[in-house]
Amino acid sequence: MKATLAPSSLISLPRHKVSSLRSPSLLIQSQRPSSALMTTMKTASRGSVAVTAAATSSVEALREGIAEFYNETSGLWEEIWGDHMHHGFYDPDSSVQLSDSGHREAQIRMIEESLRFAGVTEEKKIKRVVDVGCGIGGSSRYIASKFGAECVGITLSPVQAKRANDLAAAQSLSHKVSFQVADALEQPFEDGMFDLVWSMESGEHMPDKAKFVKELVRVAAPGGRIIIVTWCHRNLSQGEEALQPWEQNLLDRICKTFYLPAWCSTSDYVNLLQSLSLQDIKCADWSENVAPFWPAVIRTALTWKGLVSLLRSGMKSIKGALTMPLMIEGYKKGIIKFGIITCQKPL
Amino acid sequence: MRLIVHNMLTCNIKGVVNKFPLRIEAEKVVIKKEVDFNTDFLRHMLAKIEWKALVDGARSMGYTELPDHAPEAEESYSFLKKFHHALLELHLEEGSLVCQETGRKFPVEKGVPNMLLHEDEV
């Protein structure tokens, strides 16, 4: 990857559209990369990733932590929320108290809105999809059914992969969807395999955003589309090198329980895609559209069923539940953003 | 793991040239008849499948009925039945997927391949 740290290449935002649905359109004022991304971009630009022994084993530890976290919590999540492990998409300022099925519909709407934002319609003839960070396969099964496409999903959690396969079999989708344990940063697929590369709320787990994006691009077919929906921190302003210490502190506390490495911003993703010459790069801030989600999750956790399940599930689940108010705080204070970034690989 | 999936998986170890196909070492094979026989789907898959990888994979799992080459003209019903069986009903429950170049074994447990690399393979 060429070094793209020259200020001139960072400031301008040529060609690509910035649009959003129903939330105020986000004009990216600055493209100063977050400090976390600066480190990964610098190492990548040297032509080889000069990772120290300590750094690699911390990546291994993170990978194991993520796998164990989802091994432990997936069953609990599925029991209460079903097979979609992502935010629902809501109309902004919707004050209506939704039922459980209302939230599930919102989760499906998240998939539909993401496809729509990326311009992925039936006409696009999506044949092969990769679901990067597939959870228990909710998105894969939904997209496979919608487009009649084949879908492979990858996750770090063996428990999730097995459950995802079992659900596919139960829904007569075994010939269309399958799930494997694999690393999003080292995908076991040939270049250019997939018409649609889907990453729904998995980007936040990736320790090397540059490598993550490079892999997404590698496995995308020429003309294929990439959709990244992820938690980010707010974009940095001109002259800002990093988040404020108190903001970083909040994120650090969330990182620990949810097994997240350093956060980056939506602009960072845009910059990465630009540096890899992707086309039609679009992004949006959907933070307003996901606001009802964490309060709803907390409400379900505080029901009798929720509490009992949590206690049975284990410490990681309990800690996860206790961290949820921090997510709400992060959104309210504008530190955490829910972003979508999409693009097309050139033909 | 079905052979329809095996036909897509590559060894992702850095520097490996001969990434596909992965050789199968089967320890436990199960026949799962979960997918309906659908000739349109099978014909669609026939166009995309790496035939030799499928034949070798099926043999490793104990099924030797597939011809060495896919038919060039109209496929017979009996061929499609064999193709369906190999592609969608043979299920590797326990075993390994072996990189032909390095010999590295990727385990398959409870039907799920684990393609995670070690630190030194990245």
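The values are calculated or read from the model by the stated rules, or taken from the named source; none is laboratory data. Because the structure is predicted, anything quoted here is derived from the model rather than measured. Here the Cβ is made from the backbone with ideal geometry for all residues, glycine too, and neighbour counts use every protein chain on show. Note: areas computed on protein heavy atoms with side chains; ligands, DNA, RNA excluded. Shrake-Rupley method; radii C 1.70, N 1.55, O 1.52, S 1.80 Å.
Test of understanding: among B:LYS105, B:LYS52, B:LYS48, B:LYS82, which residue is within 10 Å of chain A (Cβ to nearest Cβ) and among the basic types (Lys, Arg)?
On inspection, the qualifying residue turns out to be B:LYS48.
For the stretch B:17-38, which positions are of a type in the set (D, E, K, R), open to solvent by 60 Å² or more (accessible area, probe 1.4 Å) and part of a loop (DSSP other than H, G, I, E, B)?
B:LYS19, B:LYS33, B:GLU34, B:ASP36
Within the stretch B:77-88, is there a residue that is in contact (Cβ under 8 Å) with a residue 12 or more places away in the chain, buried (at least 20 other Cβ atoms within 10 Å of the Cβ) and outside any helix (DSSP H, G or I)?
There is no residue in the stretch B:77-88 that is in contact (Cβ under 8 Å) with a residue 12 or more places away in the chain, buried (at least 20 other Cβ atoms within 10 Å of the Cβ) and outside any helix (DSSP H, G or I).
State whether the residues of the stretch A:272-289 include one that is touching a Pro at 6+ places or on another chain (Cβ under 8 Å), within 21 Å of A:LEU156 (Cβ to Cβ), in a loop (DSSP other than H, G, I, E, B) and among the hydrophobic types (A, V, I, L, M, F, W, C).
no
Looking only at the stretch A:136-156, how many residues end up being assigned to a loop (DSSP other than H, G, I, E, B) and open to solvent by 10 Å² or more (accessible area, probe 1.4 Å)?
The qualifying residues number 2.
If A:TRP231 meets every condition in (1) within 13 Å of chain B (Cβ to nearest Cβ); (2) among the aromatic types (Phe, Trp, Tyr); (3) open to solvent by 10 Å² or more (accessible area, probe 1.4 Å) apart from one, which number is that one?
All conditions are met except number (1).
Go through the stretch B:4-16 and give me each residue that's surrounded by 15 or more Cβ atoms within 10 Å (Cβ to Cβ) and either away from chain A (no Cβ under 11 Å) or farther than 13 Å from B:HIS85 by Cα (or both).
B:VAL5, B:HIS6, B:ASN7, B:MET8, B:LEU9, B:THR10, B:CYS11, B:ASN12, B:ILE13, B:VAL16 - these are the residues of the stretch B:4-16 that are surrounded by 15 or more Cβ atoms within 10 Å (Cβ to Cβ) and either away from chain A (no Cβ under 11 Å) or farther than 13 Å from B:HIS85 by Cα (or both).
Can you find, within the stretch A:164-176, the residue that is nearest to the other protein chains (Cβ to nearest Cβ) among those that are within 21 Å of A:GLN187 (Cβ to Cβ) and open to solvent by 10 Å² or more (accessible area, probe 1.4 Å)?
Going through the qualifying residues, I end up with A:ASN165.
Conditions first: (1) within 14 Å of chain B (Cβ to nearest Cβ); (2) among the basic types (Lys, Arg); (3) farther than 26 Å from B:HIS84 by Cβ. A:ARG116 passes all but one, so which condition is the exception?
Of the numbered conditions (1) within 14 Å of chain B (Cβ to nearest Cβ); (2) among the basic types (Lys, Arg); (3) farther than 26 Å from B:HIS84 by Cβ, the odd one out for A:ARG116 is (1).
Considering only residues of the stretch A:62-119 that are assigned to a helix (DSSP H, G or I) and aromatic (Phe, Trp, Tyr), which is surrounded by the most Cβ atoms within 10 Å (Cβ to Cβ)?
Of everything passing the filter in the stretch A:62-119, A:TYR70 is surrounded by the most Cβ atoms within 10 Å (Cβ to Cβ).
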